[in-house]
1. In segment 164-205, what residues are of a type in the set (Ser, Thr, Tyr) and part of a loop (DSSP other than H, G, I, E, B)?
2. Can you tell me which residue in segment 206-220 is nearest to the chain's Cα centre (by Cα), limited to those that are among the small types (Gly, Ala, Ser) and part of a loop (DSSP other than H, G, I, E, B)?
3. So how many residues does segment 83-117 have that are more than 17 Å from LEU184 (Cβ to Cβ) and touching an Asp or Glu at 6+ places or on another chain (Cβ under 6 Å)?
4. Which of the residues that make up segment 225-250 are touching a residue at least 60 places away in the same chain (Cβ under 8 Å) and among the hydrophobic types (A, V, I, L, M, F, W, C)?
5. Quick one: which residue in ALA186, ALA153, ALA177 is crowded, with 19+ Cβ neighbours inside 10 Å, under 26 Å from ASP73 (Cα atoms), assigned by TED's automatic domain parsing to the domain that holds THR94 and of a type outside the set (Asp, Glu)?
6. What number of residues within segment 57-92 satisfy the criterion of being in a loop (DSSP other than H, G, I, E, B) and free of Cβ contacts under 8 Å to residues at least 60 places away in the same chain?
7. Among the residues of segment 221-247, what is the count of those that are over 18 Å from the mean Cα position of the chain (by Cα), closer than 17 Å to ALA195 by Cα and either surrounded by 11 or more Cβ atoms within 10 Å (Cβ to Cβ) or not assigned by TED's automatic domain parsing to the domain that holds GLU159 (or both)?
8. Please give the number of the condition SER167 fails out of (1) touching a Phe, Trp or Tyr at 6+ places or on another chain (Cβ under 9 Å); (2) surrounded by 22 or more Cβ atoms within 10 Å (Cβ to Cβ).
Amino acid sequence: MPGLRGVSAQVQALLAAAARRVPTSRLRRMVRGLRRLSTPEGRTVWLLERSRRVDLLQPSPHTWEERYPALFDALAERLAHFPQPRLLSFGCSTGEEVRALRRRLPDALIDAVEVNPRSIARARAAGSDPKTRYIVADRPDPAARYDAVLALAVFRHRELEGYAPSSCAGILPFASAAQAAARLDAVLVPGGWLAFANANFCLLDLLPDAGYAPEPERFGVPEAVTLYGPDDMRLSGEVYTPVLFRKPAS
């Protein structure tokens, strides 16, 4: 019977042999998965993805303060004439977007919706704000109405960005994203503003008959890298992806 050192060497040899038989892309995916499971935040994201695989929008808490300052400034300018604008931060993560909006619109009423409960807990812990409601949900309240809706870095999936498969059907189907976009459209008042960026889909594809008018400027938001169309297939070539839209007034 081999000693412990010999057993360890045998195990290492078996693992090395197995690794050689696993495609590199799959091996990287396995390693990333193990790293994610090593933290509470990673395990929460993993559980969300496991429970609602093909209709789950971005559950990752990764974001940072003042992520889209020019876009926030532009939206605040368009809402300046409202004494108390109603805003929806859809996919608010840990609250950085909400705080950026609050700095620009101190009187706004903000509903911040996020599917990841750990992210909402961190957002609430960052400070009390009586004009902001943090809500754990995967969709807005259908009875609510907003003057502006933000969905930034939400309509995307890490596997579409990381691996750019030819089809998004098994990860985040176009139809699921279109249904989620329709729910945002339903709570936005006529003439309201929709900020939609850093996504794997184009808003004008998701809501082709809603009549949204896009602003030509991108407000410093980088172009999307991996985009998918209504047939679930990856788009090629240059695609026009505006980031700020106005809903028809009537």
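The values are calculated or read from the model by the stated rules, or taken from the named source; none is laboratory data. This is a predicted model, so every value here is computed, not measured. Cβ placement follows ideal geometry from the backbone for every residue including glycine, while neighbour counts extend to all protein chains displayed.
1. Residues of segment 164-205 that are of a type in the set (Ser, Thr, Tyr), as a first pass: 166-167, 176.
Correct list: SER166 only.
2. Looking only at segment 206-220, we keep the residues that are among the small types (Gly, Ala, Ser), and these are 210-211, 213, 220.
Remaining after also requiring part of a loop (DSSP other than H, G, I, E, B): 210-211, 220.
Working: ALA210: 22, GLY211: 23, GLY220: 18 Å.
Ranking the qualifying residues of segment 206-220, first place goes to GLY220.
3. Count: 3.
4. Residues of segment 225-250 touching a residue at least 60 places away in the same chain (Cβ under 8 Å): 225-226, 228, 232-234, 243-244, 247, 250.
Matches in segment 225-250: VAL225, MET233, VAL243, LEU244.
5. Numbers: ALA186 fails: crowded, with 19+ Cβ neighbours inside 10 Å; ALA177 fails: under 26 Å from ASP73 (Cα atoms).
Criteria check complete, one pass: ALA153.
6. The initial filter retains those residues of segment 57-92 that are in a loop (DSSP other than H, G, I, E, B), namely 57-68, 79-85, 91-92.
Now drop any that are not free of Cβ contacts under 8 Å to residues at least 60 places away in the same chain, which leaves 59, 62, 64-66, 80-81, 83-84, 92.
Of the residues in that region, 10 qualify.
7. Total meeting the criteria: 2.
8. All conditions are met except number (2).
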